[in-house]
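Beneath this line is the structure, given in structure tokens, with notes to follow.
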Amino acid sequence: MAISRRDVLLGSAGALGATSFSFPMPALADSEPIKIGCLAAMTGPSSAPTLGFNRGVAFAVDAINAAGGVKGRKIEIVMRDTQGDPSKAVNATQEMISQVKVHGIWGPLNSGEALATTPIMGRAKMPNIHPCVVETLIDPAKYPNAFRMAPSNSQWDDAVRNYCLNILKAKKIAVIGDTTGYGVTALGASVAAFKKDGAEVVYQANIDATQPDVSPDMLRARNAGAEAIVVWSVTTGMDARMFNTRATMGWDVPFVGHPSMSSGEIAGLVEKPENWKKVYAIGYKSCSYDASGKLPAKSEELVARLTRAKIALSDTLLWWIAGGIDAVELFAKAVEISGSTDGPGIIAYLNSLDKYPGYFGDYTFTPTQHNGYPTDEVVMSEASTAKNGTFALAPGYS
Amino acid sequence: MLASILASGLAAGAVYALVGITYNTMFSTSRVMSFTTGQLAMLGGVLGSLFTLKLGLGVMAGLVLTLIGCALIGIVTEFVAVRPVLKSLDQHLYVLSTLALALMIQQVAAIKWGTEPQPFPRLIGLGSGVWDEKFWLPVAACAITIAGLEYLYRRTLVGRAFLAISEDNFAARALGLPERNLRVASYALAGIIGGIAGFSGGELLLAFFANGALLNFYGFVPVALGGLGNNRGAIVGGLALGLFQQAANFLVGGIFSSVAVFTLFIVVLLAAPQGLFGVSTARRV
């Protein structure tokens, strides 16, 4: 039988039609990677937390991808170095939303950047998980897409106040902050909360971080009868000067407050190691070891996994690594349960979490509450007891 | 309390006085108030800690290397931020150029050294309480520096050449003095004095990148109080500032003490615009 040109054309059209309609191709969205944007200050002055968080992020991504991904989809991290600069964070956010088209964003990792990027992500309805402490960053009405997986500043404040009033049984409190915006704001909030709880704030002051001699303030606090000094400062130099001055004065008042008091740099700044005793800095139950040197079981398991993966712990904090892991796992779980990478689905899943068991803590979010970290997980640590990124639980906790 | 005010106030005041002298040394040969002055003192602390503590060199080797480093930064200031704008001194472009260089120095220090204060080693290990070396060392360094400068200016040819240029730049050049080389030398000398301020005050101020801005500010006050270019005025002004500041710290508290210091500063300048020890210059009318 002769095959005409018309037959060939008809046959070709039929074959083309068959490939187009008879055998549906898998949708691109089902196989493309899950893109998580990561706004991280990897260089510059505020890079220390990022380095820790990034170890957790990389660990979680490797583990999930090695196990086959999320329903067969790999996780891809889109990392941008913000250098701690809000303007760079804004540019990176806009690039991630409009060009890279990520499915969710982890970070920024400091409040200064987050204050600039949160409204942008809010307008784009971009699912966002971050660990920043400033209160105004979380507002489910204004930013229904933003979720905080670490304590807010008021949760820190609650934990410090609880330790001073209920465990140390101190009733006369001195509150000292540095002169940064953070120090002034935190001091004001802390003083108001102490007074509300019936404590007597006998002394309050903001000290310039570069002030070489803090003995005037320490003398005034002692003369006022302070039984505990609450410190809201990010400056280790000022912390160390107060510890040294306390020792010179022969005073044994406890210091309670900001995590900067447990920074490893203080070891070199105190004149004697004992000057750093009786200093209780904010820490977390999941990352605090008890009198026998044991972490909670889940954290012990995490440390074992990290050790097997040769993740260094000695130069960072465990909660930073655990937080990075939890953030990635939350996004992965959201995609798995909601069945897609659509923003509304991810947000709806996060809003439904009730005591989701993370490594850093058990997270609870509702449509009206996006501060997911439980306050009772925030505890005081003995500041001078750092061991592989964890600290000894301060005395008084059962 | 009085002993604490005296010890801490004189120590801080001695550092401010040395920074004031650093301003004057640069000003004398170039008529430029360089914003890198405070950064030189900051580097005195940072480099001192780097050489003696981090690299484990001895105190003397650390001091010498610190002063060499600061002298080099002083020379760089002259080449990069001062020389290019000297021809248009009346437009005050040096404000911009020296401020830009100062910010660069500060940022590099922040990135390379870190933004947290770092420890500075005990240099001698003498004294405790109000007699601790961190209090008397800056005062001793200030006294030795002043004696050295007096010797340089009064007994050496180079020192007299500095004075000649400071008195009348054009006349000095007409006499054949190498004005440009002397200016470079004066910037190196200023770097050394700034380095001494930071090194001797390191135990008090720690090795902290933010000290530069603080010392720029507080180091300028004694210059303005004592009269521009007047080293004796800077010393008296610096010590008085340190004592007043520490007394205000005790009496009214940290934040308000700064307000007190600058209120006094403004009052003095209103009463004596040329500074307490300055001489008002004749004006051609």
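A few points about this structure:
- Just one of the listed residues (B:T66, B:T52) is within 30 Å of A:S233 (Cα to Cα) and among the polar types (S, T, N, Q), and it is B:T52.
- Any hit, region B:178-196, residues being out of contact with any Pro (no Cβ under 7 Å at 6 or more places or on another chain), surrounded by fewer than 15 Cβ atoms within 10 Å (Cβ to Cβ), part of a loop (DSSP other than H, G, I, E, B) and modelled with pLDDT under 90: no
- Selection from region B:101-118 of residues that are surrounded by 20 or more Cβ atoms within 10 Å (Cβ to Cβ), of a type outside the set (D, E) and facing another protein chain (nearest Cβ under 9 Å): B:P117, B:Q118
- Evaluation of B:Y151 against the conditions (1) under 30 Å from B:A210 (Cβ atoms); (2) more than 14 Å from chain A (Cβ to nearest Cβ); (3) surrounded by fewer than 16 Cβ atoms within 10 Å (Cβ to Cβ) shows that the sole unmet condition is (1).
- Test for A:V160: is it among the hydrophobic types (A, V, I, L, M, F, W, C) and at pLDDT below 95: no
- For A:T341, the criteria (1) closer than 12 Å to A:G104 by Cα; (2) assigned to a helix (DSSP H, G or I) hold in every case but one, which is (2).
- Candidates in region A:309-324 are the residues that are part of a loop (DSSP other than H, G, I, E, B) and of a type outside the set (D, E, K, R); of these, the one that is farthest from A:S288 (Cα to Cα) is A:A309.
- Subset of region A:184-227 (residues that are part of a helix (DSSP H, G or I), within 14 Å of chain B (Cβ to nearest Cβ) and under 30 Å from the mean Cα position of the chain (by Cα)): A:V184, A:L187, A:G188
Residues checked against (1) modelled with pLDDT of 85 or more; (2) assigned to a helix (DSSP H, G or I); (3) facing chain A (nearest Cβ under 9 Å); (4) buried (at least 22 other Cβ atoms within 10 Å of the Cβ):
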| site | (1), (2), (3), (4) |
| --- | --- |
| B:A213 | yes, yes, yes, no |
| B:P222 | yes, yes, no, yes |
| B:A240 | yes, yes, no, no |
| B:A247 | yes, yes, no, no |
| B:L264 | no, yes, no, no |
| B:L270 | yes, yes, no, no |
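Okay, residues lined up against (1) at pLDDT 65 or above; (2) within 14 Å of chain B (Cβ to nearest Cβ):
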site: A:A29; (1), (2): no, no
site: A:L51; (1), (2): yes, yes
site: A:R55; (1), (2): yes, no
site: A:V70; (1), (2): yes, no
site: A:T82; (1), (2): yes, no
site: A:K101; (1), (2): yes, no
site: A:E113; (1), (2): yes, no
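- Out of B:A3, B:A17, sole residue that is surrounded by fewer than 24 Cβ atoms within 10 Å (Cβ to Cβ), part of a helix (DSSP H, G or I) and out of contact with any strand residue (DSSP E or B) (no Cβ under 7 Å at 6 or more places or on another chain): B:A3
- All conditions but one from (1) out of contact with any Gly (no Cβ under 8 Å at 6 or more places or on another chain); (2) more than 24 Å from A:S288 (Cβ to Cβ) apply to A:N371; the one that does not is (2).
The values are calculated or read from the model by the stated rules, or taken from the named source; none is laboratory data. No experiment lies behind these values; they were computed from the predicted model shown. Neighbour counts run over all protein chains shown; Cβ positions are idealised from the backbone, glycine included.
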